[in-house]
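*Asks:* Handing you a structure now.
The values are calculated or read from the model by the stated rules, or taken from the named source; none is laboratory data. Everything numeric in this text was worked out from a predicted model, so none of it was measured. Using ideal geometry, Cβ is built from the backbone for each residue, glycine included, and neighbour counts are taken over all protein chains shown.
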Amino acid sequence: MRGLYLRWAGIIGIALVIAWLAAQHYDRAVKTITPGQLLQTRPVGTVRVIGLVQAGSLRVTPQEETTTPPHTPAMILADFELADQQERLPVHYDGPADDNLRELKTLVVVGHLTPDGPDGPAGRRFEAHEFDLLPNYGFITAAYLLALIPMGLFLFGMERRVALLYTVIKETTTYQPERDAVE
Amino acid sequence: MSRYILWLRKYQGWFGLAGGLCMTIGLYLGLVKSPPDYYQGEVVRIMYLHVPLAQTSLFAYATLFISSIWYLWKRDPLIDNAAHAAAGLGVFFTSAALVTGSIWAKPTWNTWWTWDPRLVSFTVLLLILIGYLMLRMFIDEPERQARFAAILAIVGGVDLPIVKFSVEWWRTLHQPLSVSPRGISYSSDMLTPLLIMAIGVSLLFAYMLMVRTQLLYLRQLLEAKKGRLLSRVQL
C-alpha cells in the first residue's frame, strides 16, 4: 500500500508541475487584458488586448506595393479605437491585412503601449503588429479537467482496491491452519 | 491464483508508464506546440482529448464484444472478468467523450447538445453499456449472469458500426471521418499530437483494463475463499 501512495504522490507532483507550466504558458502566450486594465496597469513589453473596434473609428491605409511572395497578405496601416465598457484605447496597427479587422468586431491585438507623449498619458496609444484569435481557453480547461481528474480518481480507486484485495487474500491464506483445526 | 492474473500484475506497470508518457508528450504538443485552427481557433485543442476518448470508447466496446463471444465459446470466468471490466471502463470513456464533445460543441455549434446521428448513436452505446452493468447487478448466479450479459453485449454490438459510420450514412453536424480511404484531413502539426494522444489513451485503457480485470477476479477469489472457509467451518 505504501508503494501505491508513493506512486500516486509522484503522479500528483508531476501533474502540479505540468499545471504550473501550463499557467505560465497561459500568462505568457494566451492571457488577454482589456483596454481599461491596460491603461491602469501600463505593462511594459508585448501584451494582448481584447476589445471592440468602435464604430466609425477605423481608417485603413494600404501600404505601398512591395515585392512580396505570392499568397502573402498585403501589408496595411490602420488606426482605430478599441473599447471595453469603461475605456477607449487608440490603436495603430502596422501589419498584414486581416479579414477580422472591421468595425463592431471583438478583436485581440498584440503589441505594446507607447510611452507618455508630450501631452502626458493622454498622448499614449497602442502599437499593434498582429491580430490574434479570441481566447476560449475556459472551454479547453473545463474539458481537460472534467475528463482527466475523474480518470485519475477512478484509476486510483481501482488500484487501491486491488492492493487491498491482495492484502486481504494474503491474510485469508494465513488463517488456513485454523480452518484445518476446526475440521 | 491464475497465471494470467500473475502475468497482468507483472506487466501492467509498463502499459501504465508508456500510456502516461505518451499522454504527457501528446498534451504538451497538443496544448502548447500545435497551431490553432483557422475556423475554430484555440478551442480545437479539445480534439486532442475528445477524439482519443471517443476512439477508446469504441475500442472498449470492441473488447467487450470479442470477450463476450470468447466467453460463450470457452466459458472461462477470467474472460468474463475481462468483458465485465471493459464494460465498466467503456461507461467511463463514453461518458468522458460525451462530456468533452458537449463542451467542444458549445463554442463551435453554439449548443451543448443536438439530436445528431453521431451523438445519438454514441449515447445509445452508453445506455447499452449501462444496461449491461445493470443486468449483471440483477442476476445473482454467476454463470447465468455472465451468459446473459455476453448475449446482451453481442446484440448491442450492432451499434458499433452505426456509431462509426453515422457521419457517412446520414447528413450530420458532426465532422466526417478524418482518416478514411479518401485520405487524412489533418495537417501534420495536428496529426502528430493526436496520434500520440490516441496511443497514450489506448495504452492507459489497456492498463486500466488489466487493473480492473484483476479487481473483479480478486473479488471472486476472495468470495470463493470465504465461502470455502465458511463451508469447512460448518462441516
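*Asks:* Would region A:48-59 turn up any residue that is assigned to a helix (DSSP H, G or I), on the phi < 0 side of the Ramachandran plot, touching a Lys or Arg at 6+ places or on another chain (Cβ under 9 Å) and within 13 Å of chain B (Cβ to nearest Cβ)?
*Replies:* no
*Asks:* Yes or no: region A:52-61 includes at least one residue that is surrounded by 14 or more Cβ atoms within 10 Å (Cβ to Cβ), under 23 Å from A:ALA97 (Cβ atoms) and either in contact with a helix residue (DSSP H, G or I) (Cβ under 7 Å, 6 or more places away or on another chain) or not aliphatic (A, V, I, L, M) (or both). It would help to see each step written out before you state the result.
*Replies:* As a first pass, look at region A:52-61 and keep what is surrounded by 14 or more Cβ atoms within 10 Å (Cβ to Cβ): A:52-54, A:57-58.
Okay, now just the ones that are also under 23 Å from A:ALA97 (Cβ atoms), so A:52-54, A:57-58.
If we keep only those that are either in contact with a helix residue (DSSP H, G or I) (Cβ under 7 Å, 6 or more places away or on another chain) or not aliphatic (A, V, I, L, M) (or both) as well, we get A:54, A:57.
Within region A:52-61, one or more residues are surrounded by 14 or more Cβ atoms within 10 Å (Cβ to Cβ), under 23 Å from A:ALA97 (Cβ atoms) and either in contact with a helix residue (DSSP H, G or I) (Cβ under 7 Å, 6 or more places away or on another chain) or not aliphatic (A, V, I, L, M) (or both).
*Asks:* If the requirement is being modelled with pLDDT under 85 and either surrounded by fewer than 16 Cβ atoms within 10 Å (Cβ to Cβ) or in contact with a Gly (Cβ under 8 Å, 6 or more places away or on another chain) (or both), which of these qualifies: A:LEU134, A:LEU153, A:LEU145?
*Replies:* Values: A:LEU153 fails: modelled with pLDDT under 85; A:LEU145 fails: modelled with pLDDT under 85.
One residue alone meets the criteria, A:LEU134.
*Asks:* I've got another one for you. Looking at (1) part of a strand (DSSP E or B); (2) at pLDDT below 90, find the lone condition where A:ASP99 falls short.
*Replies:* For A:ASP99, the failing item is (1).
*Asks:* Among the residues of region A:74-103, which ones are closer than 25 Å to A:ARG42 by Cβ and either in contact with a helix residue (DSSP H, G or I) (Cβ under 7 Å, 6 or more places away or on another chain) or among the charged types (D, E, K, R) (or both)?
*Replies:* Passing the criteria: A:ASP79, A:GLU81, A:LEU82, A:ALA83, A:ASP84, A:GLN86, A:GLU87, A:ARG88, A:LEU89, A:ASP94.
*Asks:* Looking only at region B:15-55, count every residue that is of a type in the set (Phe, Trp, Tyr) and under 27 Å from A:TRP20 (Cα atoms) and tell me the total. Lay out the reasoning, then the answer.
*Replies:* Within region B:15-55, the first condition is being of a type in the set (Phe, Trp, Tyr), and the residues that meet it are B:15, B:28, B:38-39, B:48.
Add one more test, that the residue is under 27 Å from A:TRP20 (Cα atoms), and what stays is B:15, B:28, B:48.
Summing the residues that are of a type in the set (Phe, Trp, Tyr) and under 27 Å from A:TRP20 (Cα atoms) in region B:15-55 gives 3.
*Asks:* Out of the residues in region B:99-115 that are free of Cβ contacts under 8 Å to residues at least 60 places away in the same chain and crowded, with 20+ Cβ neighbours inside 10 Å, which is farthest from the chain's Cα centre (by Cα)? Lay out the reasoning, then the answer.
*Replies:* If we filter region B:99-115 for residues that are free of Cβ contacts under 8 Å to residues at least 60 places away in the same chain, which is where we start, we get B:99-103, B:105-106, B:110-115.
If we keep only those that are crowded, with 20+ Cβ neighbours inside 10 Å too, we end up with B:100-101, B:103, B:105.
Working: B:THR100: 15, B:GLY101: 15, B:ILE103: 19, B:ALA105: 21 Å.
So the residue we want is B:ALA105.
*Asks:* So the check is Cβ under 6 Å with 6+ separation or different chains; which pairs have a first residue in region B:198-221 that's at the interface with another protein chain (Cβ under 9 Å from one of its Cβ atoms) and a second one that's crowded, with 20+ Cβ neighbours inside 10 Å and of a type in the set (Phe, Trp, Tyr)?
*Replies:* Short answer, once both residue conditions are applied: B:TYR207/B:PHE15.
*Asks:* Criterion first (loosely packed, with under 14 Cβ neighbours inside 10 Å and not polar (S, T, N, Q)) does B:ILE128 satisfy it?
*Replies:* When the stated conditions are applied, B:ILE128 does not pass them.
*Asks:* I'd like the full set of residues that are among the small types (Gly, Ala, Ser), touching a Leu at 6+ places or on another chain (Cβ under 8 Å) and more than 7 Å from every other protein chain (Cβ to nearest Cβ), limited to region A:129-168.
*Replies:* The one that is among the small types (Gly, Ala, Ser), touching a Leu at 6+ places or on another chain (Cβ under 8 Å) and more than 7 Å from every other protein chain (Cβ to nearest Cβ): A:ALA163.
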